[in-house]
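The values are calculated or read from the model by the stated rules, or taken from the named source; none is laboratory data. Since this is a predicted model, take the numbers as computed values, not measurements. FYI the Cβ positions are ideal-geometry reconstructions off the backbone, even for glycines, and counts take in every protein chain you see.
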Amino acid sequence: MHFTMENGSFALCAIFLELALCWAFAMFVDYTGESIGIVVENDPDRVRGTHPRHHLSSIYYYMFQDVHLTMVVGFGFLGTFLKRYGYSSAVPNLLIAAITLQWATLCQGFFQMQRGKIHVSITNLLHADFATLTTFISFGAVLELTTPIQLIVMVICEVFIFAANEYISLDILKISDVGVSMLVHVFGAYFGLMVSCVLRNNRPEKESVCITPPTPDLFSVMGTIFLWLFWPTLNASLAQGDAQHRAVINTYYSLAASAVVTLAIGLSSFVDKKQQFFTVHIQNSALAGGVAIGTAADMMIHPFGAIIVGSIAGLVSILGMVYLTPGINRKFGIRDPCGIHNLHGLSGLIAAIVGAIAAALATEKNYNYSLYRQFPARTAMGKTLDYWDIQYHVENVQPGLGRSALGQGAYQIAALGTTLAFAVVGGLVTGLILQLPFFNQAGRNAFTDDEP
Amino acid sequence: MHFTMENGSFALCAIFLELALCWAFAMFVDYTGESIGIVVENDPDRVRGTHPRHHLSSIYYYMFQDVHLTMVVGFGFLGTFLKRYGYSSAVPNLLIAAITLQWATLCQGFFQMQRGKIHVSITNLLHADFATLTTFISFGAVLELTTPIQLIVMVICEVFIFAANEYISLDILKISDVGVSMLVHVFGAYFGLMVSCVLRNNRPEKESVCITPPTPDLFSVMGTIFLWLFWPTLNASLAQGDAQHRAVINTYYSLAASAVVTLAIGLSSFVDKKQQFFTVHIQNSALAGGVAIGTAADMMIHPFGAIIVGSIAGLVSILGMVYLTPGINRKFGIRDPCGIHNLHGLSGLIAAIVGAIAAALATEKNYNYSLYRQFPARTAMGKTLDYWDIQYHVENVQPGLGRSALGQGAYQIAALGTTLAFAVVGGLVTGLILQLPFFNQAGRNAFTDDEP
Amino acid sequence: MHFTMENGSFALCAIFLELALCWAFAMFVDYTGESIGIVVENDPDRVRGTHPRHHLSSIYYYMFQDVHLTMVVGFGFLGTFLKRYGYSSAVPNLLIAAITLQWATLCQGFFQMQRGKIHVSITNLLHADFATLTTFISFGAVLELTTPIQLIVMVICEVFIFAANEYISLDILKISDVGVSMLVHVFGAYFGLMVSCVLRNNRPEKESVCITPPTPDLFSVMGTIFLWLFWPTLNASLAQGDAQHRAVINTYYSLAASAVVTLAIGLSSFVDKKQQFFTVHIQNSALAGGVAIGTAADMMIHPFGAIIVGSIAGLVSILGMVYLTPGINRKFGIRDPCGIHNLHGLSGLIAAIVGAIAAALATEKNYNYSLYRQFPARTAMGKTLDYWDIQYHVENVQPGLGRSALGQGAYQIAALGTTLAFAVVGGLVTGLILQLPFFNQAGRNAFTDDEP
């Protein structure tokens, strides 16, 4: 492994960052109710530790463990498919993931602060994992272009912008995106591609790095299969009750359909011609169904709807790989060696559109009163007769905005717009920051050379 | 990877199949109660999403995730031990698993249809996973003999026959087979061997394919260890309450005993003589205890009973490998390169016999009223005094058949008989179908050549 | 694989052991309440199988599955980093793990016997897994020095001494060690090092085995990442309620901090100089934070406390590797090729000290009444006014010893002392037993040669 850092500046930078994070945690972060043994007066369970809600969040815990595993192992594995980055990317990725997890706790907590304190529970760790996943998706586009310090700077910018967009989408626009297809996949893909575009077009010499096409190996296949298996958990981890069941079932069938479509087309058409390059991309296209069902995973789209979405996503992902990627490369000079645009970008766009349509078709007839847990903004406004009716049937319901089905659909599309805006503008700005002389030193490509 | 399909017929076939599956899902499949937000009148939890039963099936969910992972990763890994099929089998296996999961939902649902609709919950996904596991076991016997299209045809036949046999055993004969040792392992092994026998004896040229003996590698060891670790979950995933605890404990000790016996004998006897061929089979024999305890896993056989069963299974698996496999090969021309007969077939037979004995010895004294959840057929018939007594003590109990302990044991053996009959006859018929000129085209061995 | 056992004595030994274990299980081991369907009179849930407590232990079950997986896969993986032991160690390790799991059930049960019976539930399996983990840690120090039979003898001695120390620490000294950093990591590390020291100093010829420095590979990186991800579960698996949440959160941040510190220092300082040897150790140092937070994981040390502990542990682990290990090697002739002293020994000492400090600072103000579940010995003695007050607020509380905060801290340190004493004396005695002519036969190094 040749991870050359001439002057130890990288170590200093990371250690300084860790000290800063530690200070911020000491200032702002503390346990929240579920992890403190508060005695609630008149609580039948007396000590909070035995309170039923703990049960609920224990369930979050198992979800968390699966998501945590998927995030880093799955995407770490996937990252290895570019042979050049194989071993040498895994260890620095772990370092950057460790920074991201802490930084994401602060950024996401910043938008949810109560009385100047960020209260962390296992749910926060779950959300921090999703932030880390976002940066991993972006890595796919920039890994060959950045020094380690640039990567850390990028991660710090990206996570903050990600958290801001997440806050706007979920808390202000009040959209539903259970599988985070918009918030994570669309954002991560376009952010990464924009940074890559800036970095590439500003390189002093117009060198064309010749990337060895990835050779398919057992590790990368195992990575794909692993993600294929855990995607139902990924999409269901933020859902609750009956919505969680739907999220598992829909994702399961969508992934099955996209695997059949992409592998059948892929194996027949390309492998034959010994276009080894494509085989790894085809593998990954099998996952397109998981991304494309993300936003609508817990909605009432029925198993056959999930199969249709998965099939379309698989087809689009393959077509994008063959026709779109070369075009983008020629026009904008954006290279996408990991195919993140086809897997995360395009499939995320499909997810957003499917989600908007499903939201616009959601009625109380289909969902019954769970409608108001699915789309909280559709709950009637407080102090209305409708609200009292809902409150009688649903536990812990909060007054909403009385939004209509079409209104919810429109807001879903609006959230796609803001997400794209944040990703593109944020990516551009981050790319320019990375061009600053301070960050843009020697050590370029330090990550990439695995062979001596 | 050389997966040659000259005319794209394979892709057409798979896509057509996916369309058909999509149509069938649109016609017949929908969510079931647990994944719909139904308002139940007078339900204290009001919205079904917060109903206690959801909790129960959330627990099914974690089971499902583990089983899902085990099924495909575990057996995918295991499949890699035949080096020749290594990489090139993993991707097509994923394709075929994706088809099987959807097709199994339809086949198994067909026997449980209510008013023309198949209602899917996470439990259905779990059962579909077991159907996929059955086909993976059969693959071990036929992988070198079939074209990809033949494999798909085989899977379609096998899953339907499997679902029919499952229905007869569980719903008509009302047997207990919590670890599916009969329904999955015995069925999958003998079905695969019969198909292999037909295909091999009908080959135009009597070529003797020279299979490179599998070389033990870290991947195959990891696969074995992974399965060894997850087998308690596999055997416990369909059990409930106290039976689930017994299933975990019994499987844990049975696996420990079979690992000690097989590895001790194996490492001392064979490796010494540099019979590398055997080392991988010995590894797999360590799993025999998990199969052999399957049927009786949740019965009151006590930890030492589990250790005895595991030890015997390990011994039988090793002896079968040394003495039985060569004999079968000579007599019937059945080759068994993956050793599925020793691991799944013989151990499954042991499981069926142990299960029948344990069932014949089950008394209300040992099991108390949980006896009637373990063996529903032993519940007294409706409108009898005994039934009222049971109903008073056990929640949600249904009237049974008033079967005796010996009667239950006899039915367990009967189910073994029908399973063998279905496997052998079904395998023969499927083998003959695969011989039809339409499926038996060029492309033979297309799966198998990994080296150029 | 060259696992040569000239006379089959190893097989005979293992089989005989299995028979003895089987006899002991038949005599002493049976299911406990949770896995028996007892009818409890006046129990509102009637059959025990539906009793709420089952739910609780179902949660233990998922913990168990994760811990079980981590234990054997994780440490199996980790074991592979010494390339020489790679493949050939995995299979015998499985054999020895299978023996250990059964033997640990007996040893740990021996100290908890009720009316001459050991009652096993899933919690027992979890504890047996921790005993197995202890032996795996010790393996790191002795693997190159022992024959297979010696390894089995060592495991039998070690597990019994481990169980005795566990009983004294938890049941007599009543200390809190949720992440078993003292009981498992400190014990396993120093026990293994003592055995290694005895074996090495008594070798007839003073040969200096030249160990190939481990080459970093994808397998060992995956092992590290896997453990890094599952450590929160490992530390939380024995905790309950709000303590479990704290254990997850603290471990998560501690691991993140230690990964940043060790990888930043490590990548900058050593890899540069092509000291390949260190890279694997640096990888493992990333896990130091998980060990070092172990004892205090479920205490109120706040997220920033966890970050500080993780950072210090990472730093100490790296410094120990550079300065301490060579010194120990020169002075005592103890070689530590796997670096277990830096990862498990030193970090475990930090954990014990942090745990003692946190325990000495614990007040009812911070913990509220959960204090008495965290430190049962601090509960007031029975028949006092304070006890009635606690009993009113906490379910199922037992009278304690009325210990003070400082007293609890002192007992934590005392437990560290007894653990070190048991480990050092036990390791010496075990080392001498292994020197007996009966065990110290030919076959030395039988485990180690992977190449022909």
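Tabulated data
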item: Residue within region C:340-348 that is of a type in the set (S, T, N, Q) and surrounded by fewer than 20 Cβ atoms within 10 Å (Cβ to Cβ) present; result: no
item: Filtered residue count, region A:7-27, keeping only those that are more than 8 Å from chain C (Cβ to nearest Cβ) and either at pLDDT below 65 or touching a Phe, Trp or Tyr at 6+ places or on another chain (Cβ under 6 Å) (or both); result: 1
item: Residues of region C:82-107 classified as at pLDDT 85 or above and either more than 9 Å from chain B (Cβ to nearest Cβ) or closer than 18 Å to C:Val67 by Cβ (or both), total; result: 10
item: The one condition in (1) under 24 Å from C:Val184 (Cα atoms); (2) at pLDDT 85 or above that C:Thr379 fails to fulfil; result: (1)
item: Residue match in region B:272-287 (condition: modelled with pLDDT of 80 or more and more than 17 Å from B:Leu343 (Cβ to Cβ)); result: no
item: Residue satisfying all of: in region A:134-174; among the charged types (D, E, K, R) and in a helix (DSSP H, G or I); surrounded by the most Cβ atoms within 10 Å (Cβ to Cβ) among these; result: A:Glu158
item: Matching residues in region A:119-133 - criterion: being of a type in the set (A, V, I, L, M) and either in a helix (DSSP H, G or I) or surrounded by fewer than 22 Cβ atoms within 10 Å (Cβ to Cβ) (or both); result: A:Ile122, A:Leu125, A:Leu126, A:Ala128, A:Ala131, A:Leu133
item: Whichever residue in region C:329-353 is among the hydrophobic types (A, V, I, L, M, F, W, C) and modelled with pLDDT of 80 or more and, among such residues, is nearest to C:Asn284 (Cα to Cα); result: C:Leu343
item: Boolean, A:Leu199 is of a type outside the set (Gly, Ala, Ser), surrounded by 24 or more Cβ atoms within 10 Å (Cβ to Cβ) and assigned to a helix (DSSP H, G or I); result: no
item: Any chance B:Leu238 is modelled with pLDDT under 90, in a helix (DSSP H, G or I) and either touching a Gly at 6+ places or on another chain (Cβ under 9 Å) or more than 7 Å from chain C (Cβ to nearest Cβ) (or both); result: no
item: Those helices (runs of 4 or more DSSP H) lying entirely in region C:346-426 with at least 2 residues within 14 Å of chain A (Cβ to nearest Cβ), under 17 Å from C:Ser169 (Cα atoms) and under 28 Å from the mean Cα position of the chain (by Cα); result: C:371-374
item: Residue in region C:329-339 that is closer than 25 Å to C:Ala414 by Cα and part of a helix (DSSP H, G or I) present; result: no
item: Candidate set: region C:287-324, residues that are surrounded by fewer than 19 Cβ atoms within 10 Å (Cβ to Cβ) and more than 13 Å from every other protein chain (Cβ to nearest Cβ); chosen: the one nearest to C:Ser138 (Cα to Cα); result: C:Leu324
